[in-house]
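Colleague: Structure in structure tokens, see below.
Bear in mind these aren't lab numbers, they're just calculated from the coordinates by the rules spelled out. Just so it is clear, the model here is predicted, and its values are computed rather than measured. Quick reminder, even Gly has a Cβ in these numbers, built from the backbone with ideal geometry, and neighbours come from all protein chains shown.
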Amino acid sequence: MTEPLLSLRGVTKRYGPVHANTGVDLDVRAGEIHAILGENGAGKSTLMKLIYGVETPDEGTIAWQGELTQIGSPASARRLGIGMVFQHFSLFETLTVVENVSLLVPGTKKALTKRIVQLGQEFGLEVDPLAYVYALSVGERQRVEIIRCLMADPKLLILDEPTSVLPPQSVELLFDTLRRLSARGVAILFISHKLEEIRSICTHATILRGGTVTGNVTPQDFDAHALATMMIGRDMPHLSPAEAVQRGANQLEISGLTLGTDDPFGVSLKNIFMHVAEGEILGIAGVSGNGQSELAAAISGETALPKSMRDVIAMLGQDVGAMNPATRRKLGFAFVPEDRLGQGAVPELSLVKNSILTAHRHGMVKKGMIRHGRAAAFAKACIAQNDVRTPGPAAEAGSLSGGNLQKFIIGRELMLAPKLLFLNQPTWGVDIGAATAIRRRLIELRNAGCAILVISEELEELFELTDYMQVLSEGRLSPRFKTSETVPEDIGRAMIGAGEGAA
């Protein structure tokens, strides 16, 4: 057996009383595609940050190519030949794609632009090199991260949830790329909650639970259910079967929404028709960057409609085009945005204060004064009901793993007992056990009569969760598909180019 490219022994990292990693041993060899498996909060991202030099171990050793080393910073890691694509992006929003790349990759703007286009075409990661990052969707930003990392020609590539917002076609192209890199001797550390992807691409897997290594396996030797059970340490939760419910009145109606964008890199919405009734889940499918952000902003109230179009969107029996997000929430509307650290929560605030952001009307404010006890009780209940792994309600939102923060945000909105619930990418970066639990709760809420709209790039999720689907392509929305009478190929064809939106 060849000598490990990277070797960790007894690596421990503590944050106050919290042990993120405890006595971790890990060997990664050249050419391996090595999965790190674990629930949200198991210590996967912390371990990757230790390898990439973002954090420093409290105990233990790291050896690189057989020699003990201290990786004191990401710059040190890159000099060794270690690259990382983070789950939460590390891009400057006010710079263009090529300017962001140039911060880490030497070369002229012309040469880097050409290389970005070439890599995008080769790996299915197309993105405009001259676009400003603030104007890109989450999926497009992730493409930039991956391209930037590949341009540094790494010996070890760390990928933290790299496929979470990529369409199936791009996932296969990415996997082809990873296999080619592996064949050239590049080692790849791969974090994903998509177990079938791990079985497909990874040659080795290390399982973390509670920050400790609990096993090393060959993924192809186990099915996804067995891997999930090893990962969470108990049998998988099951989805409640969808029940036939009496659908009621439409709680959301969009009638011919045509909305331009001032953003040169945005997508205009064209003749959108949509309705969601009580006791129904409608899913919106589509490749990232086809108008999802613009549609979400119009529905949530972040984008104000012109006076001539204020009756185009109706919610809970009222025209809401002139209403801001707070007024829409008063009607019984709740919203889980795509960007959990930018829109869903304030990273520097505690979970208690993040609860107040959207739940203040539920007994947390009296005569203009915050009732901190009520807010703390709400946050504690949200943590308990949604299995949020955190030291407590006083923890800052930014200190939680991505999946645990997502569970908290979704739990917060569900506790508001909405009549109309809108979720944008609800299970992005959430482990399989938690994703199943979230979907089960959404089905229960739908069975209780709530109208639910879900935007997701996870086709499997939409087929598992929804009653109906529509596809968004180039700002146009397809007619409805009844999920039980539809196959993925139908949705795939619509994703390539949906026709004019129609009721």
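Colleague: With Rg and the Kirkwood Rh both taken from Cα atoms, where does Rg over Rh land for the chain?
Modeller: On the way: Rg = 22.9 Å, Rh = 23.8 Å.
For the chain, the value is 0.96.
Colleague: Which order do the peptides 301-313, 276-288, 120-132 take when ranked by the mean count of other beta-carbon atoms within 10 Å per residue, highest first?
Modeller: Values: 301-313: 15.4, 276-288: 23.2, 120-132: 17.7.
Ranked by mean Cβ neighbours within 10 Å, highest first: 276-288, 120-132, 301-313.
Colleague: Figure the gain on full extension for S484 and T218 (residue separation times 0.36 nm, minus the Cα-Cα span) and round it to one decimal in nm.
Modeller: Extending this stretch completely gives an extra 92.2 nm.
Colleague: Quickly work out the A249-to-A394 label distance, labels modelled 7 Å from Cα along the C-beta direction, and quote it in nm with one decimal.
Modeller: For A394 paired with A249, the spin-label model returns 4.7 nm.
Colleague: Could you tell me which residue out of G321, Q425, M369 lies farthest along the dipole of region 250-496 toward its positive end? Charges go on the beta carbon: Lys and Arg +1, Asp and Glu -1, centred on the Cα centre.
Modeller: M369
Colleague: Under a Cβ-only charge scheme (Lys and Arg +1, Asp and Glu -1), can you give me the dipole magnitude of the chain about the Cα centre, in debye to the nearest 20?
Modeller: 1480
Colleague: Sticking with this structure for a sec: For helix 168-183, what angle does its Cα long axis make with the longest principal axis of the chain, in degrees from 0 to 90 and rounded to 10?
Modeller: 0
Colleague: Moving to a separate point now. State to the nearest 20 debye the size of the charge dipole of region 250-496 about its Cα centre, where the only charges are +1 on K and R beta carbons and -1 on D and E beta carbons. Present the calculation step by step, with values, prior to reporting the outcome.
Modeller: Numbers: 26 positive and 27 negative charges, 283 e Å.
It comes to approximately 1360 debye.
Colleague: For V346 and L104, compute 0.36 nm times the residue count separating them, minus their Cα-Cα distance, and round to one decimal in nm.
Modeller: The span from V346 to L104 would gain 84.3 nm if fully extended.
Colleague: Would you work out which of A224, G23, G107 lies farthest towards the positive end of the dipole of region 6-232? Charges go on Cβ: Lys and Arg +1, Asp and Glu -1.
Modeller: Positive-most Cα among the choices belongs to G107.
Colleague: Working out 0.36 nm times the residue gap between T203 and K307, then minus their Cα-Cα distance, what length gain in nm do you get to one decimal?
Modeller: That works out to 31.7 nm of additional length.
Colleague: Just to confirm the filter: which GluC sites (Glu not before Pro) across region 326-396 are DSSP coil and have at most 14 other Cβ within 10 angstrom of their Cβ?
Modeller: Values: sites: E338, E348, E396; in loops: E338, E348.
Those satisfying the criteria are E348.
Colleague: Turning to a different aspect of this structure: Given L174, I71, I188, which one lies farthest toward the positive end of the charge dipole of region 6-232, if we put +1 on the Cβ of every Lys and Arg and -1 on the Cβ of every Asp and Glu?
Modeller: Of L174, I71, I188, it is I71.
Colleague: Something else now. Assuming a viscosity of 1.002 mPa s and a temperature of 20 °C, what translational diffusion coefficient in µm² per second does Stokes-Einstein assign to region 6-232, Rh being the Kirkwood radius over Cα pairs? Before the final figure, lay out the partial values.
Modeller: Details: Rh = 18.0 Å.
In µm²/s, the coefficient rounds to 119.
Colleague: Quick one: Cα convex hull volume of region 412-503, Å³ per residue?
Modeller: About 114 Å³ per residue, rounded to a whole number.
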